[in-house]
Amino acid sequence: MPAETHDTTRPRALVTGAAGGLGREVAIQLARRGCAVAIADINGDGLAETARQIGDTGAETEAITGDFTLEGAPEAAVEKVVARWGGIDILVNNAGYGVIEPFLDATFKAWTLTLALNVTALAMACKAAGRVMREQRSGRIVNITSPGSRMALPDYTAYTASKAGVDSITRAAAVALAPYGVLVNSLAPGMMDTEMQRSTEADLARANGRNDLQAFLDERTRRIPLGRRAEISEVAEAVVWLCLDSPKYMTAERLNMSGGLDKD
């Protein structure tokens, strides 16, 4: 069947990990900026709520529930976007997984799952969207990385290693797609108040024998030069800027938004 036709002047976006947190906020902000937004996540209930909130903006949306660690799943999501709207202009790779494990007690299962979602699935999504964008000779890809990709964090090594992989993929994809006018950049957010961040820090506190969680959180917040944690909305604004407003000569770049933690 032919692809459904719509106004192609409206940017067509796919946001992964959009069932909550940063992914949901990015999807909603893109919708408010006039984009048609497809959202993907393994959490169907959370995805339905994101779709409802996007619907409140009047924007078109497509919810794609599935496990991106399965072979072919990232490519299938991109295909759904193209089938719905005839192309894809924006890809935000936000889906991620991380678990607290001391390096010397690391498990094969945790390493495999972390790398499967944070590295392999992201790379396959970049590849699939990149092929479409190559033919369009336009498009923007934004990958969510982490300040941790350049830190030694022995309780979180699988995650930080995976985000170093994201940095590498971003640079490689940017160079591969540059001749076609496709921009590929990344954003490294610092500490935010998300479900994943809260769960990770609670696990980290336990791993370090810290029973007073709030005191532990306050201590970590004080290390941030700006003296506070990032609001999800302001991080999403930066992601949307990379998707829609950043200069057309900006590619293969990493935008740090960590309140001064990551100083490069």
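The values are calculated or read from the model by the stated rules, or taken from the named source; none is laboratory data. Since the model is a prediction, treat every value here as computed from it, not as a measurement. Here Cβ is always computed from backbone atoms with ideal geometry, including for glycine, and neighbour counts include all displayed protein chains. Please note that ligands, DNA and RNA were not included when accessible areas were found on the heavy atoms of the full protein model with its side chains. Shrake-Rupley method; radii C 1.70, N 1.55, O 1.52, S 1.80 Å.
Being farther than 26 Å from THR120 by Cα, of a type in the set (A, V, I, L, M) and modelled with pLDDT under 95, is that true of even one residue in the stretch 44-54?
no
Could you count how many residues in the stretch 213-259 are part of a helix (DSSP H, G or I), basic (Lys, Arg) and surrounded by 12 or more Cβ atoms within 10 Å (Cβ to Cβ)?
The qualifying residues number 1.
Quick one: would you say ALA129 is more than 24 Å from GLY20 (Cβ to Cβ), part of a helix (DSSP H, G or I) and modelled with pLDDT of 95 or more?
Taking the combined requirement at face value, the residue does not satisfy it.
Any idea which residue in the stretch 13-40 is nearest to GLY96 (Cα to Cα), counting only those that are open to solvent by 30 Å² or more (accessible area, probe 1.4 Å) and in contact with a helix residue (DSSP H, G or I) (Cβ under 8 Å, 6 or more places away or on another chain)?
GLY21
Quick check on the stretch 218-232. Is at least one of its residues of a type outside the set (Ser, Thr, Tyr), under 17 Å from GLY96 (Cα atoms) and in contact (Cβ under 8 Å) with a residue 12 or more places away in the chain?
yes
Among the residues of the stretch 143-166 satisfying the criterion of being over 24 Å from GLU71 (Cβ atoms) and not hydroxyl-bearing (Ser, Thr, Tyr), which is most open to solvent (accessible area, probe 1.4 Å)?
ARG150
Out of ALA95, ALA51, ALA19, which single residue is out of contact with any Gly (no Cβ under 7 Å at 6 or more places or on another chain) and either under 28 Å from SER168 (Cα atoms) or not in a loop (DSSP other than H, G, I, E, B) (or both)?
When all the criteria are applied, what remains is ALA51.
LEU213 is checked against (1) without any contact (Cβ under 8 Å) to a residue 60 or more places away in the chain; (2) aliphatic (A, V, I, L, M); (3) under 24 Å from MET257 (Cβ atoms) and fails just one. What number does that condition carry?
Single failed check for LEU213: (3).
Looking at the stretch 147-161, can you tell me whether even one residue there is in a strand (DSSP E or B) and without any contact (Cβ under 8 Å) to a residue 60 or more places away in the chain?
yes
If you take the residues of the stretch 41-60 that are among the polar types (S, T, N, Q), within 25 Å of LEU117 (Cβ to Cβ) and in contact with a Lys or Arg (Cβ under 9 Å, 6 or more places away or on another chain), which of them is most open to solvent (accessible area, probe 1.4 Å)?
Applying the filter and picking the extreme gives GLN53.
Scan the stretch 64-77 for residues that are small (Gly, Ala, Ser) and either buried (at least 19 other Cβ atoms within 10 Å of the Cβ) or over 16 Å from LEU14 (Cβ atoms) (or both) and jot them down.
The answer is ALA77, and nothing else.
Being in a loop (DSSP other than H, G, I, E, B), open to solvent by less than 70 Å² (accessible area, probe 1.4 Å) and under 30 Å from ALA36 (Cα atoms), is that true of even one residue in the stretch 100-122?
Scanning the stretch 100-122, I find no residue that is in a loop (DSSP other than H, G, I, E, B), open to solvent by less than 70 Å² (accessible area, probe 1.4 Å) and under 30 Å from ALA36 (Cα atoms), so the answer is no.
Of the residues ASP262, ASP193, only one is crowded, with 17+ Cβ neighbours inside 10 Å, at pLDDT below 95 and not β-branched (Val, Ile, Thr); which?
None of the others qualify; the one that does is ASP262.
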